[in-house]
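The values are calculated or read from the model by the stated rules, or taken from the named source; none is laboratory data. Treat the numbers as computed from the prediction; the structure is a model and nothing was measured. Using ideal geometry, Cβ is built from the backbone for each residue, glycine included, and neighbour counts are taken over all protein chains shown.
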Amino acid sequence: MATSTSVEWRVRVDNDETTALYEPAAEGRAESAVFVCAHGAGGHMGDRGMLRVAETLRSIGLGVVRFNFVYREAKSARPTLCLV
């Protein structure tokens with residue numbers, strides 16, 4: 001859930017792009033730092049747990065950046081394997 005003051009942008013990762021979202025500290029709270037929050041494998045930046053973590057962090061004065069990994073942006077449920 002984006003707030004009215006959130007900012008969404010596209011982030012380039014090699015030849016791909018993904019979505020990121022910045023949400024400032026909750027209204028009336030001085031922002032002391034920004035926390036970059038990544039979801040787990042199979043997750044998404046809009047998952048209920050991610051939203052709850054962001055809301056809690058914002059309530060204690062932290063700005064929050066959430067983002068999708070490239071594989072999630074491509075609607076895959078798991079990361080691409082890199083063979084070396």
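Quick one: residue 12 ticks every box in (1) in a loop (DSSP other than H, G, I, E, B); (2) farther than 10 Å from residue 64 by Cβ; (3) of a type outside the set (Ser, Thr, Tyr); (4) more than 14 Å from the chain's Cα centre (by Cα) except a single one, so which number is it?
Exception for residue 12: condition (1).
Looking at this structure, is residue 55 over 11 Å from the mean Cα position of the chain (by Cα), surrounded by fewer than 15 Cβ atoms within 10 Å (Cβ to Cβ), of a type in the set (D, E, K, R) and not in a loop (DSSP other than H, G, I, E, B)?
In short, yes.
For a quick check of your reading of the model, give me the residue pairs whose first member lies in region 42-57 and is closer than 18 Å to residue 9 by Cα and without any contact (Cβ under 8 Å) to a residue 40 or more places away in the chain, whose second is outside any loop (DSSP other than H, G, I, E, B) and aliphatic (A, V, I, L, M), with beta-carbon atoms closer than 7 Å and at least 6 apart or on different chains.
Listed by first residue and then by second, the contacts come to 45/21; 54/64.
Please find, among 33, 20, 41, the residue that is of a type in the set (A, V, I, L, M) and modelled with pLDDT under 90.
Going through 33, 20, 41 in turn, just one is of a type in the set (A, V, I, L, M) and modelled with pLDDT under 90: 41.
Give 41, 26 a once-over and let me know the one that is outside any helix (DSSP H, G or I), over 23 Å from residue 71 (Cβ atoms) and either among the aliphatic types (A, V, I, L, M) or in contact with a His (Cβ under 9 Å, 6 or more places away or on another chain) (or both).
26 is the lone residue from the list that is outside any helix (DSSP H, G or I), over 23 Å from residue 71 (Cβ atoms) and either among the aliphatic types (A, V, I, L, M) or in contact with a His (Cβ under 9 Å, 6 or more places away or on another chain) (or both).
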